[in-house]
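This report concerns only the one structure given below.
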Amino acid sequence: MERLQKVIANAGITSRRKAEDLISKGIVEVNGKIIRELGYKVSPSDTIKVNGKKIKTERKVYFLLNKPRGVVSTVEDDKERKTVIDLISCKERIYPVGRLDYDTTGVLLLTNDGVFANNLMHPSKKIDKVYVAKINGKMKTEDFLKLENGIIIDNQKTAPAKVRLKKYDKDKDISYIKITIHEGKNHQVKKMFEVLGYRVLKLKREREFIFGLNDLASGEYRPLTQEEIKMVLDLNKK
Ligand code: URA
């Protein structure tokens, strides 16, 4: 279910603000009934008419991208850098569900469905995000415990994380740490390691909720299956 003004705006007729005016003026109908309530919720099966003319609602689309390095996770970039939207061929107006840094790789979902995006991003849903961080040095046992219990970044304590050593490369003195968090603070994983004195040399998101990379190569994407979409939308029922 989505707000009426948003659906009208997404149909490309006008801006959201102007759509609100149209609703207030009483020229918007939903299933044959005039609706003046701002924020009235409509579903994809509802028929919406503006000025007596049926609007075309955008079909909902869902993608899983293996984000490469050197791409921003925004719809547009003021520095004109390549965005994740440029990597996906689709005419609907999609946006990324959350963000990965310019140099972070891995699982990134994109959609034009606000309910889907919100279900994955809302803190109350506690969605697992699994990262592998390549850091300099050998991580101390006490630092595993600190990350697991939560540490202070940006004056706030992080929620408990699951942390384990994947590999330590003795020759290069580099560790690969698997860390699972469910929050999404800005640069969270990098900051968590930096507070403890480690530098994150590479960061990859291996999984978000049920979505892993499997055989998706860097820069490749695939549409989600109906079953996968339902699992995310059903998070609302929990
Ligand atoms: N944490 C980070 O520091 N960067 C990301 O891109 C994602 C999580």
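Laboratory data are not the source of any read-out in this text; all were calculated from the coordinates shown. As the structure is a prediction and not an experimental result, all values here were calculated from the model. With ideal geometry, Cβ positions are generated from the backbone for all residues, glycine too; neighbour counts draw on all protein chains shown.
Explain nothing, just the number: dipole magnitude of the chain about its Cα centre with +1 on each Lys and Arg Cβ and -1 on each Asp and Glu Cβ, in debye rounded to the nearest 20.
It works out to roughly 220 debye.
Would you mind listing how long the chain runs along its three principal axes, going by Cα atoms, in whole Å with the largest first?
Projected onto the principal axes, the Cα atoms of the chain cover 72, 36, 33 Å.
Over the chain, calculate the relative contact order: mean separation of alpha carbon pairs under 8 Å at least 6 apart, over the residue count, as a percent.
Once normalised by length, the contact order is 20 percent.
Roughly speaking, what is the centre-to-centre gap between region 211-238 and region 24-78 when only Cα atoms are used, to the nearest Å?
Cα centroid to Cα centroid, the span is 21 Å.
If region 22-149 were replaced by its equivalent ellipsoid, with semi-axes equal to the square roots of 5 times the Cα gyration tensor eigenvalues, what would those be, largest first, whole Å?
Semi-axes from the Cα gyration tensor: 41, 19, 12 Å.
Give the peptides 109-115, 164-170 in descending order of average Cβ contacts within 10 Å, highest first.
The peptides rank, most packed first, as 109-115, 164-170.
Stokes-Einstein diffusion coefficient for region 114-191 at 4 °C in a medium of 1.567 mPa s, Rh from the Kirkwood formula over Cα pairs: what value in µm²/s?
95 µm²/s
Highest first, please rank the peptides 4-15, 147-158 by the mean number of other Cβ atoms sitting within 10 Å of their residues.
4-15, 147-158
Provide the gained length on full extension for the span residue 237 to residue 152, in nm with one decimal, where the gain is 0.36 nm per separating residue minus the Cα-Cα distance.
27.3 nm
Calculate the FRET efficiency for residue 195 and residue 125 from the Cβ-Cβ distance with a Förster distance of 22 Å, rounded to the nearest 0.05.
With R0 = 22 Å, the Cβ-Cβ based efficiency is 0.30.
Hey, got the dipole for region 163-238? About the Cα centre, +1 on K and R Cβ, -1 on D and E Cβ, debye to the nearest 20?
In total the dipole reaches around 300 debye.
Restricting to bridges with both residues inside the chain, how much of the DSSP beta-bridge set is antiparallel, in percent to the nearest 5?
Antiparallel bridges: around 95 percent, rounded to the nearest 5.
Output wanted: per-residue J couplings in Hz (rounded whole) for region 129-140, from phi through Karplus 6.51 cos²θ - 1.76 cosθ + 1.60, θ = phi - 60°, x for Gly and Pro.
Here the 3J(HN,Hα) series is 10, 10, 10, 10, 10, 9, 10, 7, x, 9, 6, 6 Hz.
Note down the magnitude of the dipole of region 121-225 about its Cα centre, charges +1 on Lys and Arg C-beta and -1 on Asp and Glu C-beta and zero elsewhere, to the nearest 20 debye.
Computed about the Cα centre, the dipole is about 80 debye.
What value, in deg cm²/dmol to 500, does the helix sum -39500 (n - 2.57) over DSSP H runs of n ≥ 4 give at 222 nm once divided by the residues of the chain?
Roughly -5500 deg cm²/dmol at 222 nm, from the helical runs in the chain.
Note down the nm distance, to one decimal, between modelled labels 7 Å out along Cα→Cβ at residue 45 and at residue 185.
With each label placed 7 Å out from Cα toward Cβ, I get 4.4 nm.
Taking amide H atoms as placed 1.01 Å from N in the peptide plane, list the residues 5 or more away in sequence, or in a different chain, whose amide H sits under 5 Å from that of residue 82.
Hits under the 5 Å cutoff: 72.
Computed on alpha carbon atoms, what radius of gyration and Dmax characterise region 53-115, expressed in Å?
For region 53-115, the Cα-based Rg and Dmax read 12.7, 46 Å.
Which FRET efficiency value, to the nearest 0.05, do you get for residue 166 and residue 93 by plugging their Cβ-Cβ distance into 1/(1 + (r/R0)^6) with R0 = 45 Å?
0.75
Would you kindly derive the ³J(HN,Hα) couplings of region 41-53 from the backbone phi angles with the Karplus curve 6.51 cos²θ - 1.76 cosθ + 1.60 (θ = phi - 60°), listing them in order in whole Hz, with x for Gly and Pro?
In residue order, the calculated couplings are 9, 10, 10, x, 7, 6, 9, 10, 10, 10, 6, x, 10 Hz.
Hey, if you drop one equal point scatterer on each alpha-carbon of region 131-238 and run the Debye formula without solvent, what base-10 log of I(q)/I(0) do you get at q = 0.13 Å⁻¹?
-0.58
List the residues whose amide H sits under 5 Å from the amide H of residue 61, counting only those 5 or more places along or on another chain, with H placed 1.01 Å from N in the peptide plane.
Counting only residues 5 or more places away or on other chains, the set is 112, 113.
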